[in-house]
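Working notes, beginning with the structure itself.
The values are calculated or read from the model by the stated rules, or taken from the named source; none is laboratory data. What you see is a predicted model, and the numbers here were worked out from it, not measured in a lab. With ideal geometry, Cβ positions are generated from the backbone for all residues, glycine too; neighbour counts draw on all protein chains shown.
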Amino acid sequence: MTILVTGGAGYIGSHVVQMLIERGHHVVVFDNLIAGFREAVHPQAQFVQGDLLNPVEVNTLFEQYAFEGIMHFASHIQVGESMQKPFKYLRDNTNGMLNLLEAAANHDVKRFILSSTAALFGNPQKMPIDEQEARDPGSVYGETKYIAERLLRWMDEIYGMKYCALRYFNACGAHPDGHIGEAHNPETHLIPIVLQVALGQRDHVTIYGDDYDTPDGTNIRDYVHVQDLAQAHILALEALKDGKSRAYNLGNGQGYSVKEVIEACRAVTGHPIPTKVGERRAGDLPVLVADSTRIKQELGWEPQYDDLKQIVATAWKWHQSHPNGYNK
Ligand code: UDP
């Protein structure tokens, strides 16, 4: 199939692009390179630099290629920033989505995979979190993904566009051969920050609060490997053939605390990784763990990376070989 991947030069997008190409798909990456990197795009993918906020560029793209499916990753992704710059998130993420959907509807594209998030669940009543949980975003970022899911519902109803929303918990790790991996600027995610300490680029990790109601007082998250996420996209694309839209929560189903993550990084890197305890980060929930039974049962998804040290080892390989990310 010819697949459009928006944000295909970003962290998760670049891993999905590689897997699509390995499965024989023709992949077109559309990315404005504000947060993405040209070097992250697989050489066999067609690369188009452009912006979803520019409808002319989006329409030109759809005139040029006959897409059979879309995977939409391009968006602003920082929870904290979304609370300081709400309009940047609401405007850009939503307008980008609208321009993309309008072009897709006009060109009769019938399959759409959305990069969604556990940030939809700001007030979970049950842990682990399954798809029955109420969508009640705890941040503007989460709200923009909720809006995106809602928009897709109407695309299905009006245009018969079938969609799958994939709600990632904590994406982490890197391609096992270490040539692509996580590179954000600024970096805000836990594992890359801890590994930057191991590389000597930071002198310590700040733990955002150690007085939560968890066994060791630090937050618990569900760390799911980027290659397992990529696998879920491939399965979802295939599954949409049956003409049914759906949403899945994607995680390992096992939670690790911030302290446990740091301990795993110490074991993998051999570095002492000094820590300091800081303030709680606004909007952080104590525990976020996925119940991914539905995608396992319906699509046969089986995460290959369920061991935290194994996950960290893939990230460490990437960070060691690319200490400055994609910047030379
Ligand atoms: N965290 C931390 N120090 C950091 C970065 C993150 O203690 O420098 C914690 C954060 O509070 C959360 C967990 O690590 O409990 C994972 O945070 P991350 O930003 O990686 O992902 P999020 O859970 O926000 O999607």
Restricting region 116-142 to residues that are free of Cβ contacts under 8 Å to residues at least 60 places away in the same chain and within 16 Å of the ligand (Cβ to nearest atom), which is farthest from Glu298 (Cα to Cα)?
-> Val140
For Leu152, the lone unmet condition from (1) buried (at least 17 other Cβ atoms within 10 Å of the Cβ); (2) within 16 Å of the ligand (Cβ to nearest atom) is (2)
(1) surrounded by fewer than 22 Cβ atoms within 10 Å (Cβ to Cβ); (2) touching a Leu at 6+ places or on another chain (Cβ under 9 Å); (3) over 18 Å from Ala236 (Cα atoms) all hold for Thr144 apart from (1)
Considering each of Glu298, Glu302 in turn, give the residue that is among the charged types (D, E, K, R) and in a loop (DSSP other than H, G, I, E, B).
-> Glu302
State yes or no: is Val48 assigned to a loop (DSSP other than H, G, I, E, B) and touching a residue at least 12 places away in the same chain (Cβ under 8 Å)?
-> no
Pick from Met161, Met127: which is buried (at least 19 other Cβ atoms within 10 Å of the Cβ) and under 23 Å from Ala232 (Cα atoms)?
-> Met161
Leading residue by the ranking (farthest from the ligand (Cβ to nearest atom)) among those in region 213-247 that are among the charged types (D, E, K, R) and surrounded by 20 or more Cβ atoms within 10 Å (Cβ to Cβ) | Asp228
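To keep it simple, each residue is scored yes or no on (1) within 16 Å of the ligand (Cβ to nearest atom); (2) farther than 16 Å from Ala171 by Cα; (3) in a helix (DSSP H, G or I); (4) not hydroxyl-bearing (Ser, Thr, Tyr).
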site	(1), (2), (3), (4)
Val277	yes, yes, no, yes
Ile311	yes, no, yes, yes
Ala315	yes, no, yes, yes
Gln320	no, yes, yes, yes
Pro323	no, yes, no, yes
Within region 58-83, can you find the residues that are loosely packed, with under 15 Cβ neighbours inside 10 Å and modelled with pLDDT under 95?
-> Gly80
Among (1) in contact with a strand residue (DSSP E or B) (Cβ under 6 Å, 6 or more places away or on another chain); (2) away from the ligand (no atom under 16 Å from the Cβ), the one test that Pro176 misses = (1)
Count, please, the residues in region 253-264 that happen to be on the phi < 0 side of the Ramachandran plot and either among the basic types (Lys, Arg) or away from the ligand (no atom under 14 Å from the Cβ) (or both).
-> 2
If Tyr146 passes every condition in (1) out of contact with any Lys or Arg (no Cβ under 7 Å at 6 or more places or on another chain); (2) assigned to a helix (DSSP H, G or I) but one, which one does it miss?
-> (1)
Starting from region 8-31, keep only residues that are touching a residue at least 60 places away in the same chain (Cβ under 8 Å) and surrounded by 24 or more Cβ atoms within 10 Å (Cβ to Cβ), then list their pairs with residues that are assigned to a helix (DSSP H, G or I) and among the hydrophobic types (A, V, I, L, M, F, W, C) whose Cβ atoms are within a distance under 6 Å, requiring at least 6 positions of separation or different chains.
-> Gly8/Val17; Ser14/Ala40; His15/Val226; His15/Ala230; Val16/Ala230
Test each condition in (1) of a type in the set (S, T, N, Q); (2) under 21 Å from the mean Cα position of the chain (by Cα); (3) at pLDDT 95 or above; (4) surrounded by 15 or more Cβ atoms within 10 Å (Cβ to Cβ) for Asn95 and report the one that comes out false.
-> (4)
Counting only residues that are hydrophobic (A, V, I, L, M, F, W, C) and either under 20 Å from the mean Cα position of the chain (by Cα) or near the ligand (Cβ under 9 Å from one of its atoms) (or both), which one in region 279-298 is surrounded by the most Cβ atoms within 10 Å (Cβ to Cβ)?
-> Ala290
